[in-house]
Amino acid sequence: MPRTPQQFEEIRNEKRKLIMDVALDHFANEGYLPTSISHIAQTAGISKGLMYNYFKSKEELLKCILDTLIDEIMVVFDTDNDDVVSEEEALNFFDFYFDMLKNKREQLKLYYQLSVQPQVVSFMINSQFNPSAIKKQKLLYEYLLRHSNVAPEIGMINISSVIKGFSMEYVFSPEMFPDEIFYKYREYLKDTLIRNK
């Protein structure tokens, strides 16, 4: 029985995800620059030619990996789509993000290994950044403008630095943060960064 267009689309999406998962693993563990499209294709079990049906270049593949993770993280901002981040939405972000740290630790560990490589940092600075993420950052900036005692740009740096710093410590050394400490720290961040207690 011939496949339906929907089945073809599902197969295509599964193959795309496989390629991205394989690429993230190789980029993180072997380095972005040394990893070739041929090596990714071979590990994914497809031909190099077929790889180019999914991604035009290694740069496009990297951008898709970064965009996908950013979209997944940013999905909880402004869930009612009113272009305003409420305190409840900001607090829900912390719950969502800490759950993600727990449930996708290995994936985030690979992402952080990838994100500190000089070639990747350069790519992120010079490429067009995820428009959805830029919009969500603007909404967070406006939230801080309304609710924070500090200048919004300082609040943004503070939130970003604290979340990134803790995330990197947790994904590389989870044994240092038993559940009790992990969740207490989440509540502390919510109090200090969002509720301003």
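Only the coordinates and a few stated rules stand behind these numbers; no lab work does. Predicted, not measured: the structure shown is a model, and the values here were computed from it. Heads up, the Cβs are rebuilt from the backbone with ideal geometry, glycines too, and the neighbour counts pull from every protein chain shown.
Considering only Cα-Cα distances, which of the following residue pairs are longer than 23 Å: Lys63/Lys184; Lys136/Lys190; Lys17/Lys48; Lys104/Lys138?
Working: Lys63/Lys184 34 Å; Lys136/Lys190 18 Å; Lys17/Lys48 16 Å; Lys104/Lys138 26 Å.
The pairs that break the limit, which is 23 Å between Cα atoms, are Lys63/Lys184; Lys104/Lys138.
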Check your understanding: Among Ile40, Phe172, Val120, whose Cα lies farthest out toward the positive end of the dipole of the chain, if unit charges sit on the beta carbon of Lys, Arg (+1) and Asp, Glu (-1)?
Key -> Ile40
**Study point:** Candidates Lys184, Lys136, Lys15: whichever shows maximal mean-square fluctuation once the chain is modelled as a Gaussian network with Cα springs under 10 Å
**Key:** Lys184
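Span-like helices, the chain: DSSP H, alpha-carbon axial extent 27 Å or more, mean Kyte-Doolittle 0.0 or greater, which ones? Working shown, then result.
Working: long enough: 5-30 (37 Å, -0.95); 152-172 (30 Å, 0.73).
Qualifying helices, which must be both long enough and hydrophobic enough, are 152-172.
Give the order of Asp21, Asp179 when sorted by the count of other beta carbons within 10 angstrom, beginning with the fewest. Write down the numbers at each step before the final one.
Numbers: Asp21 15, Asp179 8.
So the ranking, lowest neighbour count to highest, is Asp179, Asp21.
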Review point. With a ≥ b ≥ c the root eigenvalues of the C-alpha gyration tensor of segment 39-89, is it rounded (a/c under 1.5), prolate (a/b larger than b/c) or oblate?
Key: prolate
Exercise for review: Give, rounded to the nearest 20 debye, the magnitude of the charge dipole that segment 43-151 has about its Cα centre when Lys and Arg contribute +1 at Cβ and Asp and Glu contribute -1 at Cβ.
Suggested key: 760
Check your understanding: Among the aspartates and glutamates, which fall within straight-line cross-link reach of Lys58, defined as a Cα-Cα distance under 16 Å, with same-chain neighbours fewer than 8 residues apart omitted?
Key -> Asp21, Asp25, Glu30, Asp67
Exercise for review: Mind putting a number on the dipole of the chain about its Cα centre? Charges go on the C-beta only, +1 for Lys and Arg and -1 for Asp and Glu, and I need it in Debye to the nearest 20.
Suggested key: 620
Practice item. Work out the charge dipole of the chain with +1 on the Cβ of Lys and Arg and -1 on the Cβ of Asp and Glu about the Cα centre, then indicate which of Tyr97, Gly31, Ile194 is farthest towards its positive end. Key: Gly31
**Study point:** Correct choice for Kirkwood radius over Cα pairs in Å that was computed from the model, options [x] 18.7; [y] 16.8; [z] 18.2
**Key:** [x]
Practice item. Any chance you could get the radius of gyration and Dmax over the Cα atoms of segment 1-56, in Å? Key: 12.7, 44
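Just want the ordering: His26, His147, from fewest to most Cβ atoms lying within 10 Å of their own Cβ. Mind dumping the intermediate values first?
Numbers: His26 20, His147 16.
Going from least to most buried by this count: His147, His26.
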Practice item. Could you pull out every one of the aspartates and glutamates with an alpha carbon less than 14 Å from that of Lys102, ignoring same-chain neighbours closer than 8 positions? Key: Glu169, Glu175, Asp179, Glu180
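Is segment 91-197 best put as rounded, prolate or oblate by its Cα gyration tensor, with a ≥ b ≥ c the root eigenvalues, rounded for a/c under 1.5, and otherwise prolate when a/b is larger than b/c, oblate when not? Working shown, then result.
Numbers: a/c = 2.01, a/b = 1.02, b/c = 1.97.
Verdict is oblate for segment 91-197.
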